[in-house]
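No value in this document is a laboratory result; all are computed from the given coordinates. What you see is a predicted model, and the numbers here were worked out from it, not measured in a lab. A quick note on method: Cβ atoms are made from the backbone with ideal geometry, for glycine too, and the neighbour counts reach across all protein chains shown.
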Amino acid sequence: MKDKIFLFKYFLYKKTAIDFCKSLAYSQFYEEDRSAQDTFNKFISLFNFAFNNSPYYRSKYLEAGLTPQLIKSIDDIKNIPILTKQEVKNNFQKMLTVSPDHNNLVKCATGGSTGIPMPYYHNKKLPLEAFAWRYLSWWGLKPWDNGAYIWRMTRKGKLSNLINQFAWWPVRKIRLDAASLDKNTFDKFIFKLNKFKPKLLQGYIGAVYEFALYLNERNIKINSPKAIWVTSAPVSEFQRELIEKVFNAPLYDEYGSSEVPWIAAQCNIKNHLHINTEGRYLEIVNKNNNGLGDIVVTDLLNYDFPLIRYELNDRTRFIEQPCNCGRTLPLIEAVKGRSGEVIQIPGIGKIDPSYLTTIFDDHINSIRAFQIIQYKDFSITLKIVPNYTYQNWKIEVEKVYNELVSKVKGKINVNLQECKEIRSDRGKTRYIISEIN
């Protein structure tokens with residue numbers, strides 16, 4: 001009965017999401033050539049529309065000597081200039097297209113974790129939830145299953161909660177504000193988890209990890225969800241290990257951004273992330289010898305506020321081997337972190353963020369949280385929140401510190417700072433912060 005009510009409400013509200021979800025169930029198994037051609041066709045359609053209907057894009061492409069007639073194959077896409085966050089911020093209004101659907105546009109802004117809060121427009125009629133529904137199907141869940149969410153809550157209060165409950169009925173959704181994590185909010189959330197027994201736990205990885213630490217340190221048992229869905233930052237092995245142990249459920253990583261959500265996610269195999277090529281065209285540029293490079297993405301569905309070859313400042317690599325799940329959607333490795341979030345060593349080079357997070361993986365019992373900050377004078381502060389209940393925490397913290405000192409080869413100062421907590425940025429934790437451009 002619950003499924004019928006959910007589908008009926010969506011049929012009335014946004015039937016396009018149901019239709020799109022049905023098509024996604026088939027397209028995830030298309031032959032690679034067909035999938036690639038479909039993606040290219042969508043790219044060309046968007047490119048033509050932006051060229052003819054967006055003052056900014058038309059000017060940008062003509063200045064680069066580009067017209068739609070010159071983009072004849074996927075290989076030609078690399079000749080299109082990359083779009084930066086600063087460009088979007090500076091040309092926000094001019095990027096809008098002459099579209100008939102502006103009545104459904106919502107003005108939004110990124111959180112600014114990159115240092116550049118950026119405005120953008122989102123069309124609330126786009127059927128993007130279909131990607132989320134496909135993720136859930138990969139993990140053995142349904143869109144109408146009850147869920148628990150650890151997000152930053154922009155609207156609070158009893159009236160807001162009542163409106164949300166009515167809008168989502170018969171689905172039960174319980175929430176914990178990721179910007180207000182303390183004993184009081186944790187205990188209330190635990191009560192609701194055990195009362196409503198949601199099958200899904202979803203949230204920012206940093207906030208979910210904090211909740212897992214709280215449960216683990218107090219040996220609190222809760223009703224286990226069927227899946228844990230995390231996003232907003234790379235997942236370290238020590239985080240994954242603790243979260244899966246505490247909740248007795250598999251953790252699945254999803255990648256996206258505020259302005260281009262639903263880019264890629266892990267399937268039930270959990271090895272790598274499948275790209276949603278039906279709505280996103282993902283490229284990797286500036287590759288090193290191992291194929292690791294910067295992510296550039298095109299939102300193939302947003303015709304109102306196009307983001308074409310948009311630079312996300314994140315890094316990953318393509319995985320050439322097919323997934324054992326049988327889906328033909330392209331694979332990327334788990335995102336390594338922002339391209340700017342590297343430690344720079346004068347005269348030597350850079351330390352990759354993927355290394356910086358893995359040095360903590362063998363110290364899950366002794367370190368609750370960490371953050372690495374590099375200042376403009378190249379010095380580093382290593383912030384660590386120790387687990388004081390672990391007998392050898394001092395020895396293991398010293399091991400991590402010495403490993404980082406060894407890696408910088410004495411070229412820069414590394415200061416160890418013991419903390420009680422590491423503050424989040426509106427519920428999201430930044431593990432590496434660099435003040436050096």
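The table below lists the values:
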| quantity | calculated |
| --- | --- |
| Electrostatic dipole magnitude of the range 7-62 [Cβ: Lys, Arg +1; Asp, Glu -1; Cα centre; debye, to 20] | 420 debye |
| Within the range 210-287: Cβ-based charge dipole about Cα centre, in debye rounded to nearest 20 (Lys, Arg +1; Asp, Glu -1) | 260 debye |
| Largest to smallest principal axis extent of the C-alpha atoms in the chain, angstrom | 66, 63, 42 |
| Relative contact order %, the chain, counting alpha carbon pairs below 8 Å whose residues are six or more apart | 15 percent |
| Gain in span if fully extended, ASN290 to ASN53, counting 0.36 nm per residue against the direct Cα distance | 81.4 nm |
| Value at 222 nm in deg cm²/dmol, rounded to 500, when DSSP H runs of n ≥ 4 in the chain each add -39,500 (n - 2.57) | -10500 deg cm²/dmol |
| Percentage relative contact order, the range 196-274, counting C-alpha pairs under 8 Å, at least six apart | 26 percent |
| Amide hydrogen neighbours beyond the local backbone of TYR252, cut-off 5 Å, H modeled | ILE228, TRP229, VAL230 |
| Mean-position separation - Cα centroids, the range 12-37 and the range 50-95, in angstrom | 27 Å |
| Computed magnitude of the charge dipole of the chain (debye, nearest 20; Cβ of K, R +1, Cβ of D, E -1) | 1680 debye |
| Farthest toward positive dipole pole in the chain [+1 Lys/Arg, -1 Asp/Glu at C-beta], among LEU215, SER59, PRO81 | LEU215 |
| LEU62/LEU7 FRET efficiency (R0 45 Å; Cβ-Cβ; nearest 0.05) | 0.45 |
| Integer Hz, Karplus 6.51/-1.76/1.60 couplings in order for the range 191-205, x for Gly and Pro | 4, 5, 4, 6, 7, 9, 6, x, 7, 10, 10, 10, x, 5, 4 |
| Förster radius 41 Å - calculated FRET efficiency between GLN37 and GLU241 (Cβ-Cβ, nearest 0.05) | 0.50 |
| Label-to-label distance, nm, for residues given as ILE436 and PHE29 (7 Å Cα→Cβ offset) | 5.1 nm |
| Tensor-based shape of the range 12-136 (alpha-carbon gyration tensor, a/c under 1.5 rounded, otherwise prolate or oblate) | oblate |
| DSSP beta bridge pairing in the chain, given as percent antiparallel to the nearest 5 | 60 percent |
| Estimated FRET transfer efficiency (PHE191, LYS22; beta-carbon r; R0 30 Å; 0.05) | 0.20 |
